[in-house]
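In what follows, a single structure is set out as structure tokens and then discussed.
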Amino acid sequence: MSQLVVRIEKNLVDFFLRADFETDSNPLAVLGESGAGKSMLLKCVAGIETPDSGKIILNGVPLFDSEKRINLPPQKRRVGYLFQNYALFPNMNVYKNISSTAKNKDAAAFYIKRFALCGKEKFFPNQLSGGEQQRVALARLLASEPDVLLFDEPFSALDSNRKSELERMILDLLEEKKCPSILVTHDRNEAFRLSEKIAVMEKGHLLEPQDKHDFFENPKTLCSALLSGCKNISRLEWIDENTAFASEWGIKIRVAEKNHNKPPYAGFRAHYLVQTNAPFESDENIFSCCIKRVIEDAFSFIIYFTQNTYSEQEKLISWEVEKELWKKIEKFLPSNPLFLKIESEKIMLLE
């Protein structure tokens, strides 16, 4: 199986990156906030940026090794890089854009036909539609016969239809090539659709990749939870190994298992809340809701609320509820109080 190893202790902007991953037909998705170092990782692999120290090895061949003073130029690295804006050469027509990277004379004609660009050979990038530019960029990438594929937020400027089309193209491409690939994105849904493994880039550190289902169901850190779309997060003041006070929710929570480490944060998904009866002996994990705003989404309602004992320290909590259920509940409000519960096993403890 193909393998890409990246060990970058320090690069030009003082990021610390360490990754070692084998890949099949799915890319490793790298999620992170703007400025976290995602694109810098790709540029170091491609040879566009030079790390200060570390090593980058592709299929056993060192692309960069600071100790051995190896630093292959980009054109010798066999890296296919799909930029966010496609980076087509504006002064070259379609044929020349593709043939400029081709390893043999027949490749350009082959990929022009494959990506339905026949008749566009003499067109320049500014004469092409966005979808045609995508196809030219992919054709150019494939014509270079790369051993690793890098995708730098390729869908960020696309509408939903064009995004779906490009996603299918990339999945077909990856299934065909079966080589190491990295997808940099800030879109968690994109990462889930295209990848089996997701790694978070946090302040220049690349955290250990997780299975995508585990990433969403059990994020390890506050940053991972936020990037996975978790809206409900609070600081914790631990009472014992099973119980803590969630200061920003204003409730006492009980967790499923004893926690000797006592992580500082807890979170839960907006759709995990369930309606419950008024609390009896214990009010653990139960919210008495003071509704602040109701927003209708395409297939659900988003309910924003606080505890009835609202204070300035408390954050708005969100509950995503099916439309049919909310319409039934709404009939009895505000004359009847609303209580919601989060099951202890649904609470995510975060470093």
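The values are calculated or read from the model by the stated rules, or taken from the named source; none is laboratory data. If you're wondering where the values come from, they're calculated on a predicted model, not measured in any experiment. Counting neighbours? That spans all protein chains shown, and the Cβs are built from the backbone with ideal geometry, glycine included. Note: accessible area is taken over every heavy atom of the protein model, side chains too, but ligands, DNA and RNA are not part of it. Shrake-Rupley method; radii C 1.70, N 1.55, O 1.52, S 1.80 Å.
Taking the range 263-283 as the search range and keeping residues that are open to solvent by 90 Å² or more (accessible area, probe 1.4 Å) and among the polar types (S, T, N, Q), which one is modelled with the highest pLDDT? Checked the range 263-283; the qualifying residue modelled with the highest pLDDT is GLN275. Here the range 109-132 is the region considered, the condition is being of a type in the set (D, E, K, R) and not in a helix (DSSP H, G or I), and the residue that is most open to solvent (accessible area, probe 1.4 Å) is LYS122.
Can you confirm whether ALA225 is of a type in the set (A, V, I, L, M) and either open to solvent by 80 Å² or more (accessible area, probe 1.4 Å) or without any contact (Cβ under 8 Å) to a residue 60 or more places away in the chain (or both)?
no
Scanning the range 185-213 for residues that are assigned to a helix (DSSP H, G or I) and not aromatic (Phe, Trp, Tyr) yields a count of 8. When the range 178-193 is filtered for residues that are under 15 Å from LEU141 (Cα atoms) and either of a type in the set (A, V, I, L, M, F, W, C) or open to solvent by 60 Å² or more (accessible area, probe 1.4 Å) (or both), the ones remaining, listed by number, are LYS178, CYS179, ILE182, LEU183. Of all residues in the range 73-108, which are part of a helix (DSSP H, G or I) and β-branched (Val, Ile, Thr)? The answer is VAL94, ILE98. The strands (runs of 3 or more DSSP E) found entirely in the range 231-341 that carry 1 or more residues being touching a residue at least 60 places away in the same chain (Cβ under 8 Å) and aromatic (Phe, Trp, Tyr) are 265-268, 339-341. Of the residues making up the range 248-262, those that are open to solvent by 20 Å² or more (accessible area, probe 1.4 Å) and either closer than 16 Å to GLU345 by Cα or under 29 Å from the mean Cα position of the chain (by Cα) (or both) number 9.
Annotation for the range 64-73: no member residue is of a type in the set (Val, Ile, Thr), open to solvent by 20 Å² or more (accessible area, probe 1.4 Å) and in contact with a Gly (Cβ under 8 Å, 6 or more places away or on another chain).
Residue count for the range 228-243, restricted to those that are open to solvent by 30 Å² or more (accessible area, probe 1.4 Å) and within 19 Å of the chain's Cα centre (by Cα): 1. When every residue of the range 284-291 is checked against the conditions, at least one turns out to be at pLDDT 85 or above, of a type in the set (A, V, I, L, M) and either open to solvent by 60 Å² or more (accessible area, probe 1.4 Å) or over 18 Å from LYS346 (Cβ atoms) (or both).
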